[in-house]
Amino acid sequence: MADDKKKASALAGAVMTAEGLSYKGMIMNPVVENCTGCDRVVALEDKSYCPTYAQPEKKWMRGICNFATHVKATVDKEGKTKVNPLKASKRAAKGR
Ligand code: SF4
C-alpha cells in the first residue's frame with residue numbers, strides 16, 4: 001500500500017499536454033517493452049511512464065537500462081554487457 005502511494009506521487013504534478021505528458025518541464029515518453037517488470041514503471045491514464053528517465057527507449061538503445069530494477073547488467077571479459085542469466089531465466093519462466 002505504501003508502495004502505491006510512493007508510485008502515485010512519483011509523477012505528481014505531471015500534466016497531459018498536446019505534445020505528451022509534461023513533468024518538470026520535460027515531455028515524458030511512454031515506457032518500452034524492455035521496461036516490463038521494472039519497479040519504476042508508473043501507470044498514468046492509459047499509458048505507463050518512467051519517472052526516472054523521460055525517454056526510456058533511449059535508455060535501452062545501447063544495452064540494458066542502468067536504472068532497471070528487473071534486470072542486472074554485468075560486463076564480461078570482452079567488455080560486453082550481459083543480462084544476469086538467473087534473472088533472464090526467471091523472466092523467461094514467467095513468460096515475460
Ligand atoms: S528505470 Fe529503465 S527499465 Fe525501468 S522503467 Fe525506467 S527506463 Fe524502463
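The values are calculated or read from the model by the stated rules, or taken from the named source; none is laboratory data. Keep in mind it's a predicted model, so treat the numbers as computed, not measured. Positions of Cβ are backbone-derived with ideal geometry, glycine not excepted, and every protein chain shown enters the neighbour counts. We work out accessible area using only protein heavy atoms, side chains counted, and drop any ligands, DNA or RNA first. Shrake-Rupley method; radii C 1.70, N 1.55, O 1.52, S 1.80 Å.
A few points about this structure:
- Scanning region 48-65 for residues that are within 6 Å of the ligand (Cβ to nearest atom) and over 20 Å from ALA14 (Cβ atoms) turns up just one, CYS65.
- The strands (runs of 3 or more DSSP E) falling completely within region 1-68 that include 1 or more residues that are at pLDDT 90 or above and over 16 Å from the mean Cα position of the chain (by Cα) map to 21-23, 26-28.
- One residue stands out in region 33-64 among those that are among the aliphatic types (A, V, I, L, M) and open to solvent by less than 40 Å² (accessible area, probe 1.4 Å): the one that is farthest from LYS90 (Cα to Cα), namely ALA54.
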